[in-house]
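S.K.: So that we are looking at the same thing, I have put the structure below in structure tokens.
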Amino acid sequence: MKNSSETGHILDLFFSPRRVAIIGLSRNAITSPVSVLTTLKNFGYTGDIFIINPNMETSTENGIYPSLDDLVESIDLAVIIVARDHVLDVLRACVRNGIRAAIVITQGFAEADEKGKQLQTELIALVRDNEIRVLGPNTIGVSNAFANFTSSFIEIHNEKTPVGIVSQSGLFLMGYNLINNEPAGFSMAADLGNAADISLVEVLDYYAEREEIRVIQCHVEGIDQGAAFVEAAARISQQTPIVMLKAGRSKQGQAAVVSHSGAAAGENEVYQAAFRKAGVITAKDAEELRMLSKALTTYALPKGRRVAIMSYSGGGAILAIDAIEDAGLSLARFADSTKAKIADLFPDWIGIDNPLDVWIPVSRDLQSSFPRILEAILDDDGVDAVICIYCSYTQPKYEAYDCTAHITKIAGKYPDKPIACWSYGIDIAGFTKAIEANGTAMVFPSLEAAAVTFAKLVQYRENRDRLSAPQVVSAKVIDGSTIDAVLKRAQLGANGYLFTEALEVLESCGLAVAPWRLAKTEDNLVEAAEGLTYPLCLKVVSDEIVHKSDSGGIRLGIKDQQGLVNGYRALYANILQHDPAAVINGVLVQEMASKGKEVMIGARRDSVFGACLILGTGGVYTEIFDDYTFRLPPVTEAEAVNMVEELHLAPLLKGVRGEAPCHIPSIVEALVKVSQLVTTYHEIAELDINPLIVDDRAAVVVDARIFLNGDN
């Protein structure tokens with residue numbers, strides 16, 4: 001259970017201050033519409049406001065003072081808008097006067113030039129050494145409808161929608177009344193700005209403690225507390241949904257992030273893996289962020305993916321089918337009893353099925369037929385949600401076709417089965433206002449938006465169930481002593497790239513590796529091959545040659561001893577031609593694996609979130625097909641199974657056109673073991689098993705490499 005709004009949290013000083021000092025407000029800003037003071041007064045704030053500016057005439061009656069030192073009253077929050085060169089002096093004055101909270105609106109810090117970065121470093125040191133917390137810099141601060149408080153200098157809509165926003169841009173605090181010509185869609189908001197002190201995680205935890213907040217909406221450009229974020233978000237998501245928009249997914253976008261807020265954007269795939277692990281709902285753009293947040297405050301979560309379509313238009317129904325399928329939902333099947341309830345409303349030549357075209361009964365008598373049909377559908381145990389398509393014609397001319405009152409009333413009667421509405425006509429805005437007035441249903445801008453929203457609500461339910469269930473990770477089965485010795489030997493040799501050692505490490509994890517030997521020279525080549533079964537392959541062993549095939553460093557399908565010698569010599573000739581200066585440590589002699597499907601298992605250590613596990617299509621097609629799925633380890637067996645299911649390769653792994661299915665449990669086992677390996681050994685910066693060949697009996701590692709951190 002959440003605590004009451006009286007949490008005693010340090011962030012209460014930011015969101016619900018009783019006495020506020022605005023430092024640096026100019027004389028012109030007192031009456032300007034673009035002003036912290038003007039916006040605050042218009043927002044209905046009733047606390048005490050003090051203006052600090054040495055260039056203005058002192059007026060105790062109007063709360064104007066030359067400095068903080070001249071104030072007698074204690075201050076809960078300082079809002080700082082002075083030039084950047086004076087910000088640190090103002091913060092020192094705040095410390096001197098016992099002010100524990102400050103919002104630094106001023107720009108020009110880490111998001112700007114070298115001087116700005118240095119100023120932000122000094123600001124962080126000041127906060128660390130004193131009892132003061134800072135939001136920003138480069139922020140418009142906070143908004144709290146429950147306290148009628150805002151620090152924004154731009155008009156903000158004051159409403160009590162149970163959504164809390166935390167953002168790295170003031171754009172989202174300005175509200176959807178500016179972006180979408182709608183009310184703001186939130187009651188509390190915080191712009192982190194450069195997040196020099198107050199962090200994303202702190203605001204998430206604060207919102208989670210408040211009864212008024214039922215949905216948390218996030219916009220981030222970069223996260224610098226990866227592990228803390230995942231832990232907090234996973235904990236919070238079990239009770240309060242978090243909807244996330246990650247900006248800077250493209251390479252150009254990532255470059256813009258650095259210049260905009262000083263945040264370092266990580267790779268999008270790693271972020272998505274982190275969001276998945278934390279049970280966060282992701283939005284692809286600002287519009288979807290708004291729709292998802294609104295839906296989570298409007299609807300209960302659908303119990304499943306079975307959707308019914310009730311439509312005035314047959315063409316619209318077909319479009320809805322496409323949207324449902326694309327979103328990963330399914331068409332509900334009506335029970336015979338459901339069909340029987342409404343059969344008398346339709347001509348005999350119309351089949352009553354999903355989707356259901358209701359134009360004929362609606363055109364005859366909407367008032368009696370529409371609610372009867374909709375309730376029959378919602379009563380069906382095989383229906384989890386409904387998409388309702390209707391026309392929005394002008395009133396009162398087409399009053400006979402107005403279904404809005406029925407939708408809102410029936411939606412309230414069946415709160416566990418969401419009704420998503422989509423309309424066509426020339427008065428969509430009017431019908432939308434009527435349907436959404438009671439907060440029981442939503443009108444979507446497209447059928448695709450409705451279907452995707454339903455799908456993500458179901459996904460959140462599944463994520464929540466996963467997070468609340470006991471997380472069972474298989475017991476460790478890796479041979480730590482052998483791995484320790486291999487990694488220590490490699491580190492002592494200052495060797496960041498491991499090839500044969502990588503195979504040793506994977507064998508110590510219990511993975512099956514195609515049998516191999518190391519031949520350091522041609523003289524011991526035949527000896528190394530003894531005990532191995534032909535056909536064999538040869539692979540160059542060199543710290544300087546990572547991509548062996550590109551340099552001619554691989555020979556395959558060697559059938560006998562003479563072929564072995566010839567292949568060895570040809571390999572050396574290729575290498576010397578490709579890179580005459582390359583240092584060759586020997587040649588790997590290895591049995592050719594049996595035919596099967598090829599997958600790759602990889603891991604890379606991200607600077608923000610740590611290790612990320614990767615599964616994809618393997619072999620020479622790895623980079624061509626771009627078929628990957630990602631998770632943050634450690635992963636459970638169930639998560640590993642889901643990774644396999646997500647691959648485009650999955651149908652082939654299961655067997656097609658008479659082919660025997662591959663042994664998928666061996667892929668799952670390999671994923672879990674690699675997950676344990678990279679979770680245990682942080683010195684592994686990157687790991688690549690490619691390919692892992694899987695047949696109908698087992699999975700065998702054919703090639704692998706490991707890169708160690710440079711500081712190990």
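S.K.: Order of 311-322, 370-381 by packing, highest average Cβ count within 10 Å first?
M.R.: With the highest mean Cβ count within 10 Å placed first, the list reads 370-381, 311-322.
S.K.: Hey, another quick one. Between Glu122 and Gln239, what is the label-point separation in nm under the 7 Å Cα-to-beta-carbon projection?
M.R.: 4.3 nm
S.K.: Also, I was wondering about something else. Estimate the FRET efficiency between Asp89 and Asp113 by the formula 1/(1 + (r/R0)^6), using the beta-carbon distance for r and 25 Å for R0, to the nearest 0.05.
M.R.: 0.80
S.K.: Still on this model: Based on alpha-carbon atoms only, what is the radius of gyration of region 348-413 relative to the globular estimate 2.2 N^0.38 Å?
M.R.: The value comes to 1.14.
S.K.: Expressed as a whole number of Å, what is the distance separating the alpha-carbon centroids of region 352-403 and region 16-35?
M.R.: 53 Å
S.K.: Step through the residues of region 79-87 one at a time and calculate ³J(HN,Hα) from phi using the Karplus curve (6.51 cos²θ - 1.76 cosθ + 1.60, θ = phi - 60°), rounding each to whole Hz and writing x for Gly and Pro.
M.R.: Residue by residue, region 79-87 yields 10, 10, 10, 7, 4, 4, 5, 9, 4 Hz.
S.K.: Checking the cross-link filter: which lysines have an alpha carbon closer than 17 Å to that of Lys409, excluding same-chain neighbours under 8 positions apart?
M.R.: Hits, sequence-local ones excluded: Lys417, Lys433.
S.K.: So how far, in whole Å, is the C-alpha centre of region 529-597 from the one of region 184-202?
M.R.: 56 Å
S.K.: Would you pull out the residues with amide H under 5 Å of Val79's amide H, same chain only if 5 or more places away, H placed 1.01 Å from N?
M.R.: Residues meeting the criterion, in which the H sits 1.01 Å from N, are Ala21, Ile22, Ile23, Ile103.
S.K.: Taking θ = phi - 60°, what integer Hz values does the Karplus form 6.51 cos²θ - 1.76 cosθ + 1.60 yield along region 497-511, in sequence order, with x for Gly and Pro?
M.R.: Using θ = phi - 60°, the values come out as 10, 10, 10, 5, 5, 5, 5, 4, 4, 5, 4, 5, 7, x, 7 Hz.
S.K.: Moving on. Which order, highest average first, do 573-582, 447-456 follow once you tally other Cβ atoms within 10 Å for each residue and take the mean per peptide?
M.R.: Per-residue Cβ counts within 10 Å, averaged per peptide and sorted highest first, yield 447-456, 573-582.
S.K.: Can you tell me the order of 526-538, 281-293 when each peptide is scored by its average per-residue count of other Cβ atoms within 10 angstrom, highest first?
M.R.: So the peptides 526-538, 281-293, ranked by packing, come out 281-293, 526-538.
S.K.: Mind checking Rg over Rh on region 12-296, alpha carbons, Kirkwood formula for Rh?
M.R.: 0.96
S.K.: For Lys117, list the lysines whose Cα falls under 19 Å from its own Cα; do not include residues on the same chain fewer than 8 positions away.
M.R.: Candidates past the 8-residue exclusion: nothing left.
S.K.: Sort region 1-140 into rounded, prolate or oblate with this rule: let a ≥ b ≥ c be the square roots of the eigenvalues of the Cα gyration tensor; rounded if a/c is under 1.5, and if a/c is not under 1.5, prolate when a/b is larger than b/c, oblate otherwise.
M.R.: Judged from the Cα gyration tensor, region 1-140 comes out rounded (a/c under 1.5).
S.K.: Would you pull out the residues with amide H under 5 Å of Gly382's amide H, same chain only if 5 or more places away, H placed 1.01 Å from N?
M.R.: Answer set, sorted by chain and number: Ala335.
S.K.: Please give the length that would be gained between Glu57 and Arg569 if that part of the chain were fully extended, namely 0.36 nm times their separation in residues minus their C-alpha to C-alpha distance (nm, one decimal).
M.R.: Additional length available on full extension: 175.2 nm.
S.K.: Additional query: Taking the alpha-carbon distance from Lys488 and a cut-off under 26 Å, which lysines remain once sequence neighbours fewer than 8 residues away in the same chain are dropped?
M.R.: Lys488 reaches Lys476, Lys520, Lys539, Lys548, Lys673.
S.K.: Rg/Rh for region 515-592 to two decimals, with Rh computed the Kirkwood way over all alpha-carbon pairs.
M.R.: 0.94
S.K.: Can you put Phe707, Phe499 in order, fewest other beta carbons within 10 Å first?
M.R.: The order, fewest Cβ neighbours first, is Phe707, Phe499.
S.K.: Let me ask something else about it. Could you give me the ³J(HN,Hα) list for region 196-205, computed from phi with Karplus coefficients 6.51, -1.76, 1.60 and θ = phi - 60°, whole Hz, x at Gly and Pro?
M.R.: With coefficients 6.51, -1.76 and 1.60, one gets 5, 10, 4, 10, 4, 4, 4, 5, 4, 4 Hz.
S.K.: I would also like to ask the following. Return the label of the correct value of volume of the Cα convex hull per residue in Å³, as calculated from the structure shown, out of [x] 253; [y] 203; [z] 184.
M.R.: The value matching this structure is [y].
No value in this document is a laboratory result; all are computed from the given coordinates. Just so we're clear, the structure is a prediction, and the values are computed from it rather than from any experiment. Every residue, glycine among them, receives a Cβ derived from its backbone with ideal geometry; neighbour counts consider all protein chains shown.
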